[in-house]
Amino acid sequence: MRSQGSLTSSLRHLRAIATRAKYSFSTSTSTSFDLFNPTPEHSALRQLVRSFAETEVEAQALEFNRSETFNLPLFRKLGGLGLLGVNIDPAYGGSGMDATAAVIATEELASADPAFCVSYSVHSALFANNLQINGNDEQRQRFLPRACAGDVIGGIAMTEPHAGTDVFGMKTFAKPSADGRHFLLTGTKLYITNGTLDGKTTGDVFIVYAKTDNTAKDGGLTSFLVEKGMPGFSLGQKIEDKCGMRASPTAELVFDDVRVPRENIVGEQGGAALCLMRNFEIERLCIAAASLGIARRSIEVMSAYAQQRRAFGQPIANFGQVQKAIAESYAEFMAGRSYVYDVARRLDLRSYGNGLDADGVKLFAAPMAKRVADRAIQVLGGNGYVGEYVVERLWRDSRLLEIAGGTNEAHHKNMMRDIKRLRGRIE
Ligand SMILES: Cc1cc2nc3c(=O)[nH]c(=O)nc-3n(C[C@H](O)[C@H](O)[C@H](O)COP(=O)(O)OP(=O)(O)OC[C@H]3O[C@@H](n4cnc5c(N)ncnc54)[C@H](O)[C@@H]3O)c2cc1C
């Protein structure tokens, strides 16, 4: 077991080399290339996060799941480790790494506590990445150093009570103020991760999507930075009693004529559809990565249990049906893992155009994680149904991954649209 001191020093080393982490595949041979850890920097990152997840994240997961509360002090520690800005430019306090690094961090955190990991992904992959890519330099300076340090926790607000999959059906509207220096934002957002951190007040800062033009053909969406304390911005409610991801706070947020300065527009006025599409790719990839963490942990738990648990005078691992559950889970996990890391390798965070596979990895990996966690419960029998044995929590957590960030059905729809564009040819 590694101490926190050695973790921090490995991170210092990691940060130093992360600035030159633009790795080249041309120097890799087929025998030395490791898809899951393509460079020494990625291996170091995996070791760092795995060690932190096994020692600190695992230790609190059951308690925070039961109390449905968010472990804010532990979350802030991720900032000290350089994980909250894993993809953010070192000029803004980040670690400057690539999409593969985000996938590694997410897979490792999710293997210990998928709920803690969801809050992490929304903050780092969605909020911070979105701002880095779509925001301007003044906004990056204003928010990213604090976000990377864990001093402010971010979220993304798209979904509304009447519009989720149909994102362009949102009703939240922002109209310019009389002096033209502000927008007045009115509407309600539902199911917002990190929407509250304490259950009583709003979370810290959000990129909020709103209509600014009801007639525009491209949806007329604009995104705004909205901060805690802005008059008219309040917590509607904390969403309690979720099936899973109970340690990740989810909230309804209310905007009542919130005066948002024009400088808080992220990207172009009316141009948020593009921000949305860019952000969906890393979001879906990270959800697929969280699925990998759930599946891997479920396989580890069920295979260890099957070798130790005896029935009819022998380990249950000797029974063909148990072998089938474990072997099929492993093969499906590895197929998903290869797909996810291959898409991560090709994903350029600064552009977009990987939509088909960003949908594809999530469509494959999320149901895979649920299936594997379900088999793990079955292999553990009665014990599998009890919180202490972890897999029932993983199974409940896995359920969200088929809904949030795009439902399975939304992926079918998007993928068919993109597959049509291939004109019958897959390169
Ligand atoms: C715990 C949690 C955290 C979340 N975090 C966030 C967050 O941080 N930010 C945020 O903005 N949102 C967040 N969400 C919202 C999430 O992204 C939405 O729930 C999701 O996009 C689905 O939208 P919906 O719930 O409105 O379902 P709906 O869109 O109403 O869908 C209901 C059903 O109809 C199906 N359906 C809809 N349209 C079609 C179609 N065209 N073809 C076929 N089937 C269709 C759907 O697939 C689904 O099965 C979160 C949700 C949860 C539960």
- [ ] Considering only residues that are small (Gly, Ala, Ser) and crowded, with 24+ Cβ neighbours inside 10 Å, look in the range 354-390 and name the one that is farthest from the ligand (Cβ to nearest atom).
- [x] Ala376
Open item on the list: Every residue in the range 242-257 that is over 16 Å from Phe116 (Cα atoms) and surrounded by fewer than 23 Cβ atoms within 10 Å (Cβ to Cβ), please.
Closed with: Glu252, Val254, Asp256, Asp257
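Does Lys171 meet the test of being within 14 Å of the ligand (Cβ to nearest atom), outside the structural domain of Ala53 (by TED's automatic domain parsing), at pLDDT 95 or above and over 18 Å from the mean Cα position of the chain (by Cα)? Give the steps one after another, and end with the answer.
On the way: within 14 Å of the ligand (Cβ to nearest atom): yes; outside the structural domain of Ala53 (by TED's automatic domain parsing): yes; at pLDDT 95 or above: yes; over 18 Å from the mean Cα position of the chain (by Cα): yes.
Judged against the criteria, Lys171 is a match.
Does Thr69 qualify as being under 13 Å from the mean Cα position of the chain (by Cα) and of a type in the set (S, T, N, Q)? Don't jump to the end; show me each part of the working.
On the way: under 13 Å from the mean Cα position of the chain (by Cα): no; of a type in the set (S, T, N, Q): yes.
No, not satisfied.
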Open item on the list: Just the residues that are touching a residue at least 12 places away in the same chain (Cβ under 8 Å) and farther than 20 Å from Glu402 by Cα, please, taken from the range 349-367.
Closed with: Leu349, Arg350, Ser351, Tyr352
TODO: Could you look through the range 134-151, keep only residues that are of a type in the set (A, V, I, L, M) and buried (at least 18 other Cβ atoms within 10 Å of the Cβ), and pick out the one that is nearest to the ligand (Cβ to nearest atom)?
DONE: Ala147
Task: Search result, residues across the range 174-218 that are buried (at least 17 other Cβ atoms within 10 Å of the Cβ), away from the ligand (no atom under 15 Å from the Cβ) and free of Cβ contacts under 8 Å to residues at least 60 places away in the same chain - done: Thr212
Open item on the list: Is it the case, given these coordinates, that Gly406 is within 16 Å of the ligand (Cβ to nearest atom) and in contact with a Lys or Arg (Cβ under 7 Å, 6 or more places away or on another chain)?
Closed with: yes
Open item on the list: If I ask for residues that are under 19 Å from Asn408 (Cβ atoms) and not hydrophobic (A, V, I, L, M, F, W, C), which ones from the range 334-353 would you list?
Closed with: Gly336, Tyr339
Task: Answer residue from the range 383-406, given it is under 14 Å from the mean Cα position of the chain (by Cα) and among the acidic types (Asp, Glu) and is nearest to Glu63 (Cα to Cα) among those - done: Asp397
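Name the residue, out of Arg417, Arg393, that is within 15 Å of the ligand (Cβ to nearest atom), closer than 28 Å to Pro315 by Cβ and in a helix (DSSP H, G or I).
Values: Arg417 fails: closer than 28 Å to Pro315 by Cβ.
When all the criteria are applied, what remains is Arg393.
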TODO: For the range 282-289, indicate whether the set of residues that are outside the structural domain of Asn130 (by TED's automatic domain parsing) and surrounded by fewer than 24 Cβ atoms within 10 Å (Cβ to Cβ) is non-empty.
DONE: yes
Open item on the list: So, Thr222, is that one buried (at least 18 other Cβ atoms within 10 Å of the Cβ), more than 9 Å from the ligand (Cβ to nearest atom) and assigned to a loop (DSSP other than H, G, I, E, B) or not?
Closed with: no
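If you check Ala216, Ala128, Ala210, which single one turns out to be over 21 Å from Ile403 (Cβ atoms) and part of a strand (DSSP E or B)?
Selected residue: Ala210, the only one of Ala216, Ala128, Ala210 that is over 21 Å from Ile403 (Cβ atoms) and part of a strand (DSSP E or B).
So which of Ile326, Ile294 is in a helix (DSSP H, G or I) and more than 18 Å from the chain's Cα centre (by Cα)? Full working, then the answer.
Details: Ile294 fails: more than 18 Å from the chain's Cα centre (by Cα).
After applying the criteria, what remains is Ile326.
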Open item on the list: Can you find, within the range 248-284, the residue that is nearest to Leu62 (Cα to Cα) among those that are in contact with a Lys or Arg (Cβ under 9 Å, 6 or more places away or on another chain) and among the aliphatic types (A, V, I, L, M)?
Closed with: Ala251
Task: Conditions (1) within 20 Å of Thr69 (Cα to Cα); (2) touching a Lys or Arg at 6+ places or on another chain (Cβ under 8 Å); number of the one not met by Ser234 - done: (2)
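The values are calculated or read from the model by the stated rules, or taken from the named source; none is laboratory data. Note that this is a predicted model, so its numbers are computed, not measured. Don't worry about glycine lacking a Cβ; one is built from the backbone with ideal geometry, like all the others, and counts go over all protein chains shown.
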